[in-house]
Amino acid sequence: MDTSIHSLNAHLAAGTQPRSGPSGRHRFWPAVLALLVALLGLIAVAAAAERDAAETLAIGDKVTISVFGQTDLSGDFVLDGTGAVNMPLAGRIRIAGLTAPEAEARIRSALMDGYLRDAVVSLRVAELKPVYIMGEVRSPGTYPFRHGLNVLGAVALAGGYRVGDESLSLLKSELLLADEREHLLNASLQTLIARRLRLEAERDGVKQLVADARTAASAQILAGEQEILDFQRRAREGERELLSQQISRLGSERTALTEQAELAERQVELTREQSTEYNKLATTGHGLRTVQVEREREHARARSDAARIRAELAKNETALGELTLRLRELDNTYMRRVVLELQETRQKILEVERSVPVAREIAESRRRRLVASEGSGVAADWDIRITRQAGLTPVTIQAKFETPLQPGDIVQLSPRARPIEGQLPGEAQTPLRKLTGLASQQ
């Protein structure tokens, strides 16, 4: 093989064609040269296509159009939303997507269509649309377009990566705070759910709390709410028992007073009859005046005793009614407190449930930025998207740092969460201790 190569070099130096040996090993060189020429041609075509794409006119471009000898038709024009310029006489001429020579030819054709006999048109781009840099850069904003500008150059114009401008300790502190807020919200949610179960049990008269799917992992919190439920139940039952005993005692007193009132009324009736009979005897002269006075005095004492017993009976009924009202008020107050606390707890649960996804997203955003800060110069750590005007419709493409830009491009740069050592495939979050350096995280 080495002998054949030296022989080929000698023939090329002498300007003669090599003779093909019996093995035919030299026949592949023309094919190799043809392949190289074809590759160079493809590279040239691709470069020309990219250059033409950057030089074609687009919506929003400002162009200067000069018509020789026609100052009224010359001036600066801006391509409107349909990609057209509005010229005197000719009206609206659509030139978006054309190169400058193609746009000159179209304008010349429009002017010569009944307006000018011969038109010499010159068009140049007066002002290219700028490029817009957004996302994780130090100075997001608008920057003038320059030919040959790519994504990496645009990032350099915007001051470089923003995450690299922040210290790792600050990012770790932000991540710890965001993660702590997420944990606090989740713990608060578990506490509120357990409280809701306890209040529902108090409302329904249930003595034992039953864990559901959302409180199964918080047995300690549920045990605490069970203790509160038992205490509330014992306290309420104690108050009810005390009032019930007083009501029972007053009921017994009322029964006794009722019997005494009946006896007193009977005594009044008997003394009245005795006094009446003795008065009849006294009128006939068979009775003594002193005895008559004593009978009337006994009748008065019986009436006084009956009145006193009736008063005590009325007082007993009043006290019994007050205790009955207190017992009902105790039940109503208890149930009203339970219902109000239950309503307030449900409202807090809704608020916390709305806050948890936001806190989780903030923590994940801090986590992505911290992961990206460890390798911000690597293309794989960044998600680069370019929004570009394709005719009248904007399109978004995935890009790299080497992707060339066109006028009007909008570049969005954001860190991409990448798996680190120790993270399982498909794990939603990067372990916090691997990001912050903590030994453990509750």
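The values are calculated or read from the model by the stated rules, or taken from the named source; none is laboratory data. Being a predicted model, the structure only gives us computed values, none of them experimental. When we count neighbours, we look across all protein chains shown, and the Cβ atoms used for this are built from the backbone with ideal geometry, even at glycine. Heavy atoms of the whole protein, side chains included, go into the accessibility calculation; ligands, DNA and RNA do not. Shrake-Rupley method; radii C 1.70, N 1.55, O 1.52, S 1.80 Å.
At a 1.4 Å probe, what is the % contribution of carbon and sulfur to the accessible area of the range 76-190?
Values: 3320 of 6220 Å².
Here it works out to 53 percent.
Rg and Dmax of the range 61-210 over Cα atoms: what are they, in angstrom?
Rg, Dmax (Cα atoms, Å): 32.1, 102.
Holding the Cα-Cα limit at 30 Å, pick out from 172/400; 129/172; 129/400 the pairs that are longer than that.
Values: 172/400 28 Å; 129/172 40 Å; 129/400 21 Å.
Over 30 Å apart, Cα to Cα: 129/172.
At 7 Å along the Cα-to-beta-carbon direction for both residue 385 and residue 292, put a label point, then send me their distance in nm to one decimal.
Reported label-point gap for residue 385 and residue 292 is 12.1 nm.
Between residue 414 and residue 150, take the C-beta separation as r, use R0 = 22 Å, and let me know the FRET efficiency to the nearest 0.05.
The value I calculate is 0.75.
With every protein chain left in place and a probe of 1.4 Å, what is the accessible surface of residue 77, to the nearest 10 Å²?
About 30 Å², ignoring ligands and nucleic acids.
Taking residue 315 as the anchor, which aspartates and glutamates have their alpha carbon closer than 15 Å to its alpha carbon, excluding any fewer than eight residues away along the same chain?
Result set, ordered by chain and number: 253.
Under a straight-distance cross-link criterion of Cα-Cα below 29 Å, which lysines are reachable from residue 207, leaving out those fewer than 8 residues away in the same chain?
Partners within reach: 348.
Could you provide, to the nearest whole Å², the per residue accessible area of the range 77-221 with probe 1.4 Å?
Values: 7890 Å² over 145 residues.
I get 54 Å² per residue for the range 77-221.
Please report, in whole Å, how far the alpha carbons of the range 183-342 spread along each principal axis, starting with the longest.
That works out to 107, 21, 17 Å along the principal axes.
Residue 310 to residue 333: extension gain in nm, 0.36 nm per residue of separation minus the Cα-Cα distance? Write down the numbers at each step before the final one.
Working: separation 23, 0.36 × 23 = 8.28 nm, distance 3.42 nm.
Contour length minus the Cα-Cα distance gives 4.9 nm.
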